[in-house]
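Report on the structure given below.
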Amino acid sequence: MGTRTLPLRVAALAFAFALGSARADINPNSDGTLAGGDVTDTAIVTLVDPPTASYAGGIAGLPRTKPGQQKKLDLTSGPVKSYRAYLADRRNDFKQWLQRNGFKGAVVHQYDLVLNAVAVQLNGQSIDLLQNAPGVLWVEYSSLYHPTMNVSLGLIKAGVGNLGGTADGGRGVKVGVIDTGIDQDHPFFDATGFSYPPGFPKNDARCAGETTAKVIAARVYFFNDNVTGRNGFDCTAVQEHGSHVAGTIGGVRFPGASATPFPVAGTLSGVAPGVWLGNYNVFPGPIGNARSEDIAQAVEDAVADGMDVLNLSLGGANKHGLAHPDVLESALNHAADAGVVAAVAAGNAGPGDSTIESPGEAERVITAAASSNRHFIGIPVRAGSSTFGAALGAFGRFVPAVTAMLANATPANGCTAISGVSGSLAVIDRGVCTFSTKIRNAQAAGAVGVIVVNNQPGDPAGMAQDGTPNQPAINGAMVALSDRAAIRALAGTSATVDGGTPQEFITNNQNAIADFSSSGPVDRTFAVKPDITGPGVNIYSSIPGGDFALFSGTSMATPHTAGSAALLVQQHPTWTPDQIKSALVTTGQRVITTVPGGSVDPGVLRRGGGLIDLSRAGRVTAAFDATAVGFGFHEANGVWTSRQSVTLTDLSGSAQTYSLSVSQSAASGVSFSVEPASLSVPANGSVTFTVTLSSPGTVPHDVGGDVLVVNGGGTLRLPLWVRFK
């Protein structure tokens, strides 16, 4: 019997600012998401048999598809071919049932590698008609998804020990980018020194000529395209998002300030510049919404094409009340069984609780939160002897330069009628209302420009318009929260803002969790997410046409994660996707949140294991079968104890001894413990330990910490979390 899904909000997982160009489909005040929903003209029907990647035997005459510890699914093997033929017969049984029962909808997609499912066009018929068909596990509507770097590489320690940042970082690894397409002719994807691997290029007929020895696969997807024929879309990257993401993953080493449109320090490079890239364009042309059945087909095709790593910087809202993983979560979990690592954006709906978005909720993907970078490209605001860096956005760029007195707006947030700024540069605090509202109110009060002061720690961000009519015409830029006191103290001083002289501002604002970054736990299962943190604010990378731009969002943290995974695949080709995830999560650097009076660890539900640390991830001697130990939600009363087992597997090839202990946040009445206190693990063997949570009575709160697993190779941290309510 199938289960219908609840409506899905649409998420915009990237904030794009190419020094003046900006997306208009986000909430620029909250850095949040749009409302949206499922689309009810197509249903995805999941059938009862497991997909090929996850078939472990049990059907007479059909051996398991991936014997032993083989990492990748071999599509040429006899067992795989036999099982795929079996699934094709079962899908035919379902299609014949549709015909016998007068169902008028067409089957528009079929899956058998990472899903055993069909996508069915409903043509106005009820989804309920499909739920009683034989062999059906569940049924759900298709859903809508939106698309969600030079100094950032140093933050994740790429290049340490030659693991990343060098020309050969990731060489031989294939990374599939499921996004808005890749501009294969951009100099950041220069194919010099690359050659096609055996069996490539691979492309759809409409994408002929859109591959290179660097971008080796090109496919395009659009709803019902396989039914209605050519719709005019090919793989061409019309939108900027996918090229930006691909550049962060695998852009080749490229000169900095002298060769790029805007000044940056040093040489640009992707995290893994040696990788091959696959272009799986699910947002062709101007299409802003991709359907889950098309994205699932892209996952299926990328696995079939032999991609080692997938990047999905996209998402839709979590599905409250859904009793099972949605179709994309299932596809990506099964992709791990096929030996493919998937990095997925956490979403930009933070900082609120349980805002992780689909498919970032999937258990076996690496879900990426976003942290601040340590630079931005902006323009100078000069007043007296002081110079402030200001980030441009979608409003006027201060070209030509503007000189006027600084004036503090009343009210300070500028959300209602403003006074005291006529003929001046109005200084207004961020918050409460949209940027368009603030700048419009300043314009009505006679201001000649606006300087918005950020209300979040870290560097200033580009400001987007809110999409309402009659956008303000005056100039606007943002300065950092740390500049608030100084710039407000200069009220009455003449200031000059010059948009014609953009420059790179190097700061010390790195490694703070971005306020927009979505938070755990997973709404459906209370599982701990996100898994890891990557730089996701003011990331500089390629956009179509040979240009570069600054984007922000968990979309930008995700390719740092995918590139890091590619480096580990190159260094450790026998590691499984789960072991690569474990290595990244358990070696993460702790990130910070700035609060009055100091800084605090934001906790596992905001940062996962912490900021990627490539100097350590490739040297771990052990992997865990769980990358966090979450005990979920519990009532805050009475004596309460729970235990969870975790298995540690040796990756070093030699016997190891570890000491185990627990570090936790101060919490009266709650304690974590681990036993045994010491583990001896044989070469290539596995040993299990137990984590215990005890609560003899407590009050509602979250408690977090880490299991510390220590040997001569250093300390691995397994995050802990529980909530009492």
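The values are calculated or read from the model by the stated rules, or taken from the named source; none is laboratory data. Source: prediction; values computed, not measured. All Cβ positions, even for glycine, are placed from backbone atoms using ideal geometry, and neighbour counts span all protein chains on display. Side chains are part of the model used for accessible areas, which takes the heavy atoms of the whole protein and leaves out ligands, DNA and RNA. Shrake-Rupley method; radii C 1.70, N 1.55, O 1.52, S 1.80 Å.
Heavy-atom accessible surface of C207, to the nearest 10 Å², is about 0 Å², with a 1.4 Å probe and all protein chains retained. Take region 423-553 with all the other protein chains still there, run a 1.4 Å probe, and you get 29 Å² of accessible area per residue. Near A583, once Lys and Arg are set to +1 and Asp and Glu to -1 for all other residues with Cβ below 11 Å from its Cβ, the sum equals +1.
Of the accessible area of region 341-457, computed with a 1.4 Å probe over protein heavy atoms only, carbon and sulfur atoms account for 52 percent.
If a/c stays under 1.5 just call it rounded; otherwise compare a/b with b/c (prolate if a/b is bigger, oblate if not). Do that for region 510-625, with a ≥ b ≥ c from the square roots of the Cα gyration tensor eigenvalues. Since a/c reaches 1.5 but b/c is at least a/b, the shape of region 510-625 is classed as oblate.
Positive contributions from Lys and Arg (+1) and negative ones from Asp and Glu (-1), summed over other residues with Cβ under 9 Å from the Cβ of I532, come out at +1. Structure note, pairs K81/K104; K66/K214; K174/K202; K71/K174; K81/K529: Cα-Cα distances above 24 angstrom occur for K81/K104; K66/K214; K81/K529. The residues of region 325-387 present an accessible area of 19 Å² per residue when probed at 1.4 Å with all protein chains retained.
Accessible area per residue was computed with a 1.4 Å probe on protein heavy atoms; E363 scores about 140 Å².
Overall, the anisotropy analysis places region 530-589 in the oblate class: the square-rooted eigenvalues a ≥ b ≥ c of its C-alpha gyration tensor yield a/c not less than 1.5, with a/b not exceeding b/c.
Rounded to 0.05, the FRET efficiency of the T641 and Q503 pair, given R0 = 60 Å and the Cβ-Cβ distance, is 0.55. For K438, the solvent-accessible surface with a 1.4 Å probe is about 0 Å², rounded to the nearest 10. With a cut-off of 9 Å between beta carbons, the residues surrounding T367 carry a summed charge of -1, where Lys and Arg count +1 and Asp and Glu -1.
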